[in-house]
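Working notes, structure below.
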Amino acid sequence: MAVSVPSRVAGETAPIGQPRRGLLTRLSGGHLVMIVAGLVGMVLTLALLRNADERVKVAVAATDLRTGSVVGESSVRYERVRMDGDLLETVLRPADVAELERSVATGPIREGELIARSDLRPVAARSGLRAVSIPIAPSRAVNGELVAGDRVDVVLAAEQEVAIIVAGAEVLDVGEPDRGGAFGRVGDEFTVTLAVDAQEAQLLAAAITDGDILIARSTGAKTAESTPPLPVDFVDRSTTGA
């Protein structure tokens, strides 16, 4: 059976051996724009997702903290949370905890709860001591020439004896006298806040209530601890020469 082959149109030549065009040469400018736009969109999407999940470290209580508990680096652990800048200013971050001086909790904080700055306040004094303020006339406290960091002895003049009831206490703060007028009065008092232990706090409270006290500046002086009290009659004899 004979097969007929269509004859070529006159003047037409067959594309024998002609190579096919590459992918890039077949892409139009519109295709390239679409590809670039897709890549840019993907990058922006990843950036938005990363920002949406950006979390910061904040301090939370590692254990239950009672009111008055001393809070330090061992008292906290860190959690990552989403929080804006204004709210972040109210809580403790790792850098804050690293610089945190020993503080106490102003109220109970449950384990895992955020620790706010307002939840803490500085300890009363170093080494677990107490802060006690003494109202006293400047004439009985080195004319008021005391500053924080000074060391002082508190002397009690009772009916029967004179004794140093607190020796070498650190001055934490010195208050201004309550002048009560433009020129003040001779009897104006100011406050001297000292770091003392529990027994010394009791002695000071009793002395302020019932006795007559004097503050001696002892910064740099030899300690007066274990100095025995002197009977009042001994003081009288030494001043009269009897």
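The values are calculated or read from the model by the stated rules, or taken from the named source; none is laboratory data. Keep in mind that this is a model prediction, so the values were computed, not measured. Every residue, glycine as well, gets a Cβ built from its backbone with ideal geometry; the counts of neighbours run over all protein chains shown.
Name the pairs: first residue in the stretch 164-190 and more than 22 Å from Glu225 (Cα to Cα) and in a loop (DSSP other than H, G, I, E, B), second residue modelled with pLDDT of 90 or more and among the small types (Gly, Ala, Ser), Cβ to Cβ under 6 Å, at least 6 apart or on different chains?
Close Cβ pairs (under 6 Å, with a partner that is modelled with pLDDT of 90 or more and among the small types (Gly, Ala, Ser)) amount to Glu189/Ala137.
Between a first residue in the stretch 58-81 that is at positive phi and a second residue that is aliphatic (A, V, I, L, M), which pairs have beta carbons less than 8 Å apart while being 6 or more apart in sequence or on different chains?
Going by the 8 Å Cβ cut-off, the qualifying pairs are Gly68/Val104; Gly68/Ala105.
Exactly one condition in (1) farther than 22 Å from Val56 by Cβ; (2) in contact with a strand residue (DSSP E or B) (Cβ under 6 Å, 6 or more places away or on another chain); (3) at pLDDT 85 or above is false for Val91; which is it?
(1)
One line per residue, one yes/no per condition, for (1) part of a strand (DSSP E or B); (2) small (Gly, Ala, Ser); (3) in the same structural domain as Asp188 (by TED's automatic domain parsing):
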| site | (1), (2), (3) |
| --- | --- |
| Leu87 | no, no, no |
| Val97 | no, no, no |
| Leu100 | no, no, no |
| Val104 | yes, no, no |
| Glu111 | no, no, no |
| Ala131 | yes, yes, yes |
| Ile134 | yes, no, yes |
| Ser139 | no, yes, yes |
